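Peer 1: Please find one structure pasted underneath; my questions will follow.
Every read-out reported here was derived from the displayed coordinates using simple, explicitly stated rules and does not represent laboratory data. Computed from a prediction, not measured in an experiment: that's the story for all the values here. Counting neighbours? That spans all protein chains shown, and the Cβs are built from the backbone with ideal geometry, glycine included.
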Amino acid sequence: MLQLSAAGKRFGQKLLFEDANWLINPDERTGLVGGNGTGKSTLLKIIGGIESLDYGTITRNKGVTLGYLPQDGLALRGRTVFSECLSVFDHLHELERESIALTTTLSEADPKSKEYATAAERYSDIADQLHVHDIYNLDSQVGAVLGGLGFSKEDWERNTEEFSGGWQMRIALAKLLLQKPSLLLLDEPTNHLDIESRNWLETYLHDYPNAYILISHDRYFLDVTVNKTVELWNKRMHTYHGNYEKYVAQKEERRTQLMNAYKNQRDRIDALEAFINRFRYQATKAKQVQSRIKELEKIERIEVPEDESTIHFSIPQPPASGRTVLEVNNLKKIYPTPTGGEKLILDDLSFTIERGDRIALVGANGAGKSTLIRLLSRQEAATAGTIREGHNVLSDFFAQDQYKVLDPNAGMLDDISGAAPKVPVVELRSLLGCFMFSGDDVFKKLGVLSGGERNRYAMAKMLVSPSNFLLLDEPTNHLDLRAKDVLLDAIRNFTGTVLFVSHDRYFIDGLATRVFEVEDRRLHIYPGNYEDYLWRKQGGPEKVTEQITNSLTPTPKPSIGVTSVGSGEDAGAGTNAGAPHIDSDVWASSEARPLSSEPVIPIKRLNPIKLKQLEDRLHHAEEEIPRLESLIAAAEARLGNFTSADQSQRDAAELDDLRTKRTNLLAEWEELSLTLEEQQTA
């Protein structure tokens, strides 16, 4: 379909890549990855015909259509959202008009004439094209895509110029998806999407009939949408078969091979140079010296880019807070409307956040996530209700526009050093490098940075001196995959409490211990990460067991007991609280299995990502259960030594809580063990 041969491109004096060879097939589903500045976006523009090569050639098959979505910068105006999207089918409407005109020709011409034969052939061709493109369902196609990308029906009739830049990019994406080009080129398509729209786009691309190449810093999105990964690294193009997870594993193997080759080459070069320097002036060794000089000149030196080194940053741990970090009761928020009315955003929210919680705040755009996090961080006042911080709680808020609070006249390195005077400058520069500030960038004034660059810097600055309760609104915006990994590792090792809003599935899954969903002005609380949240939203173990038992016997069997998930701090409590996410079509309990010779439903194997998550959870449970046993024994011993009535009440409450946690954890351990055993025999 399209081929690059010996392709190369420079950006000024900098060589981005060279000798790149790539045959793009009609069924290509490729993720284009690489560090910032390696030329990913440039390569996508070259494939799309927007930029040209400096070296090599690019050839396209006849009839190949291309669709390119840049990261930003598109502005649409002059039509409603629906009309703008429907305009991609203008050529079909033109064909429809031609078809109507041909019916007149066919009705008037002599059936034996050449004119009739020509018109009939053209009419047949047009009819085939209109049938293929489903001409009579164009409106429903447009509505489905707009709905999937988060546009309400009220938005459809609004003019495109009324929307912000992010929503304009959604309209542009909708048009490309409706066009269905032979090769779809998407540069960071999830940048402007909320998590629901991102999930919808996953499904759409899964069923997309043609090829696509995408650049994304969303690791989970890459894992589920691509089956081939092309990396720009070390000024070369490297191809890996499989999704992002497989690419990471294969790349590590290749890097190990490269480092071994580099070491062997350095050893050979050192040996040659040592021989040459030792015998250069001995006439009896002149021939051998010249031979080694020629060998040394012919060696093509292996380069290992410095930016490939892995940075490990240890986040300074804050002072401990009390057990209860935040207690919220009957929280309500109302905004006035331009017409003088009122709009209720949040209503009667009550919940508790405890020390060590890592809470993902999710919900559709406009549901009130940012409003809630601003209320909790005291950036706004609540209309009603109370927010009470616990003992020794020190909170810090990271906003989407955090850069606005930075001093524009401060130098970057001086500013971050002032925030963390005890952290060595070398370590600070390594951290800034992870957030894409290297070399002389660290000496720039903050005022000369773009908004995205300043937000990246603000996140790095927060990490070097964190409070014990972090409220983060979209912390992964403007970060590449490497910076996200650094941030994720840092917060995983953070001993404080975190509440965050993010549209990055991998980040949420890797961090969250609870999910707070804002929906219909209320709050629903789910234990576990985003996978667990989706599982429970789809019905959880109760629904799955009911489906399995119904398929085995007409007599209903009792489902596994799990307390239903609702709003409030007790949501998710029960014997299976924190149960792992397992696809509903592959999960089955021992209760759901037939005890006679009835046919057994085959167990479908979990994908490696979910299997690894379950193994990690099982390992965590096996470590946590003995620790809880020790804490229970200590609490029982304290309860046996009377000091005061108040202290005895506190000890008794703590003992009950520990025993409940142990019961829940044992139930979870049992479920995980059974599931993993089934996977081994599946």
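Peer 1: Can you sort 467, 124 by how many other beta carbons sit within 10 Å, fewest first? Working shown, then result.
Peer 2: Details: 467 17, 124 11.
Ascending number of Cβ neighbours within 10 Å: 124, 467.
Peer 1: How high is the relative contact order of the chain? Use alpha-carbon pairs under 8 Å, at least six apart in sequence, and give a whole percent.
Peer 2: It rounds to 11 percent for the chain.
Peer 1: Give me the Kirkwood hydrodynamic radius of the range 175-303, using the inverse of the mean 1/r over all pairs of distinct Cα atoms, in Å to one decimal.
Peer 2: Values: mean 1/r = 0.0531 Å⁻¹.
Kirkwood hydrodynamic radius for the range 175-303: 18.8 Å.
Peer 1: Where nothing but the Cβ of Lys and Arg (+1) and of Asp and Glu (-1) is charged, how large is the charge dipole of the chain around its Cα centre, in debye to the nearest 20?
Peer 2: Details: 80 positive and 101 negative charges, 529 e Å.
With only Lys, Arg, Asp and Glu charged at Cβ, the dipole is about 2540 debye.
Peer 1: May I pose another question? Just to check I understand the Karplus step: with θ = phi - 60° and J = 6.51 cos²θ - 1.76 cosθ + 1.60, what whole-Hz values come out for the range 335-343, glycine and proline as x?
Peer 2: Using θ = phi - 60°, the values come out as 10, x, 9, x, 8, x, x, 10, 10 Hz.
Peer 1: Please give the per residue volume of the convex hull enclosing the alpha carbon atoms of the chain, rounded to a whole number of Å³. Walk me through the numbers on the way to the answer.
Peer 2: Details: hull volume 198.8 nm³, N = 682.
Taking only Cα atoms, the chain has a hull volume of 291 Å³ per residue.
Peer 1: Between residue 57 and residue 158, what is the FRET efficiency for a Förster distance of 45 Å, r being their Cβ-Cβ separation, to the nearest 0.05?
Peer 2: Numbers: r = 45 Å, r/R0 = 1.00.
Step by step, r from the Cβ atoms, then E = 0.50.
Peer 1: Using alpha-carbon positions, what is the distance between the centroids of the range 17-79 and the range 481-534, in Å?
Peer 2: 33 Å
Peer 1: If you don't mind, another one. With no solvent and one point per C-alpha, what does the Debye sum give as log10 I(q)/I(0) for the range 121-195 at q = 0.18, 0.21, 0.23, 0.26 Å⁻¹?
Peer 2: Here the Debye-derived log intensity ratios amount to -0.81, -0.99, -1.11, -1.28.
Peer 1: Could you sort the peptides 650-661, 20-31 by per-residue average Cβ neighbour count (10 Å cutoff), highest mean leading? Walk me through the numbers on the way to the answer.
Peer 2: On the way: 650-661: 14.9, 20-31: 17.2.
The packing order, highest mean first, is 20-31, 650-661.
Peer 1: Suppose only helical runs count, i.e. DSSP H with n ≥ 4. What mean residue ellipticity at 222 nm does that imply for the chain under -39500 (n - 2.57) per run, divided by all residues and rounded to the nearest 500 deg cm²/dmol?
Peer 2: Numbers: 21 runs with 300 residues, N = 682.
Value at 222 nm, helices only: -14000 deg cm²/dmol.
Peer 1: In nm, to one decimal, how far is the residue 380 label point from the residue 495 one, both placed 7 Å along Cα→Cβ?
Peer 2: 3.5 nm
Peer 1: Oh, and also: Round to a whole angstrom and tell me the spacing of the C-alpha centers of the range 332-385 and the range 121-155.
Peer 2: 39 Å
Peer 1: Another question about this same structure. Taking loop as defined by DSSP and a crowding limit of 14 other beta carbons within 10 Å, which trypsin sites (Lys or Arg not before Pro) in the range 311-398 fit? Present the calculation step by step, with values, prior to reporting the outcome.
Peer 2: Working: sites: 323, 332, 333, 343, 355, 358, 369, 374, 378, 388; in loops: 323, 355, 378.
Within the range 311-398, the qualifying trypsin sites (Lys or Arg not before Pro) (loop, at most 14 other Cβ atoms within 10 Å) are 323, 378.
Peer 1: Let me ask you something else. Going by how many other Cβ atoms sit within 10 Å of their own, how do 370, 673, 152 line up, fewest first? Please list the in-between numbers first.
Peer 2: Details: 370 20, 673 14, 152 10.
The order, fewest Cβ neighbours first, is 152, 673, 370.
Peer 1: For a label point 7 angstrom out from the Cα of residue 21 toward its Cβ, which stretches of the range 48-62 have the backbone nitrogen within less than 16 Å?
Peer 2: Those under the cut-off are 56-59.
Peer 1: Order of 211-220, 98-107, 75-84 by packing, highest average Cβ count within 10 Å first? Each step should come with its number before you reach the end.
Peer 2: Details: 211-220: 22.9, 98-107: 13.0, 75-84: 15.9.
Top of the packing list down: 211-220, 75-84, 98-107.
Peer 1: At q = 0.08, 0.14, 0.18 Å⁻¹, work out log10 I(q)/I(0) for the range 324-527 with the Debye formula, treating every Cα as an identical point scatterer and leaving solvent out; two decimals please.
Peer 2: -0.29, -0.85, -1.26
Peer 1: Grab the beta carbon distance between residue 136 and residue 6, set R0 = 41 Å, and tell me the FRET efficiency rounded to 0.05. If you can, show how the numbers build up before the last one.
Peer 2: On the way: r = 48 Å, r/R0 = 1.16.
E(calc), rounded to 0.05, equals 0.30.
Peer 1: Please list 3J(HN,Hα) in residue order for the range 651-657, calculated via the Karplus relation 6.51 cos²θ - 1.76 cosθ + 1.60 where θ = phi - 60°; whole Hz, with x for glycine and proline.
Peer 2: Working through the residues one at a time gives 5, 5, 5, 5, 5, 4, 5 Hz.
Peer 1: Excluding residues fewer than 8 places away in the same chain, name every one of the lysines whose C-alpha is closer than 26 Å to that of residue 537.
Peer 2: 153, 332, 333, 369, 557, 604, 610, 612, 661
Peer 1: Let me ask another. Work out the FRET efficiency for residue 277 and residue 430 from their Cβ-Cβ distance, taking R0 = 41 Å, and round it to the nearest 0.05. Don't skip to the end; give the middle numbers.
Peer 2: On the way: r = 36 Å, r/R0 = 0.87.
Given R0 = 41 Å and the Cβ-Cβ separation, E is 0.70.
Peer 1: Here is a follow-up. Taking the Cα atoms of the range 249-308 alone, what are Rg (to one decimal) and Dmax (as a whole number) in Å?
Peer 2: 15.4, 52
Peer 1: Return 429, 301 ranked ascending by Cβ neighbour count within 10 Å, so the fewest neighbours appear first. Intermediate values should be presented prior to the final figure.
Peer 2: Working: 429 16, 301 8.
Placing the least packed residue first, the sequence is 301, 429.
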